[in-house]
Amino acid sequence: MFFDTTLIELGSLFMSAFISSTLLPGGSELLLIYYVKNNPEGAWGYFIAVTIGNSLGAILTYYMGYYFSWGREKAQAKHQKAIFFCHKYGIYSLLLSWLPVVGDLLPLVAGWLKLAIIKSVICILTGKAIRYLMIVIPMLYFI
């Protein structure tokens, strides 16, 4: 079945992914791997839940940057890298918002720079989906 998964599994994946995409640490990838390994029939449902959760968390981070100002002079070194990356590549830098450490900061900086929200959401969603597809597809077809 396409969505033969439990609400608890989907909810836990969603929350884990949401928390992971904010500035807090999380383990959505490990939870996704565990669920897909134990219930491959539910893989696409898991993929949708984890992608939406992670994307919504990044969008929240975008709005945190948009509405809460912070000075460039106070930014730490890792913030400076994200600022440089967003200035250089603009909206398209958000395709890499799935990367560890700096990826969590990209939506924050994009919001701070007031990059276009609709294009930002599309790039965030695309990047997050690719990230989780790189986990789900090999597990279903090669492992």
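Just need the relative contact order of the stretch 7-141 here, percent rounded to a whole number, with Cα pairs under 8 Å and 6+ apart.
Worked out over the stretch 7-141, it gives 29 percent.
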Item to check | Square roots of 5 times each gyration tensor eigenvalue, C-alpha, the chain, largest first, Å | outcome: 30, 13, 13
Item to check | Per-peptide average of other Cβ atoms within 10 Å, ordering 111-119, 47-55 highest first | outcome: 47-55, 111-119
Item to check | Pairs from Lys81/Lys119; Lys37/Lys119; Lys88/Lys128 whose Cα-Cα separation, in the structure shown, is over 28 Å | outcome: Lys37/Lys119
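No lab work stands behind these numbers, since they all come straight from the coordinates. Everything numeric in this text was worked out from a predicted model, so none of it was measured. Because the Cβ atoms are built from the backbone with ideal geometry, glycine has one as well, and the counts that use them run over all protein chains shown.
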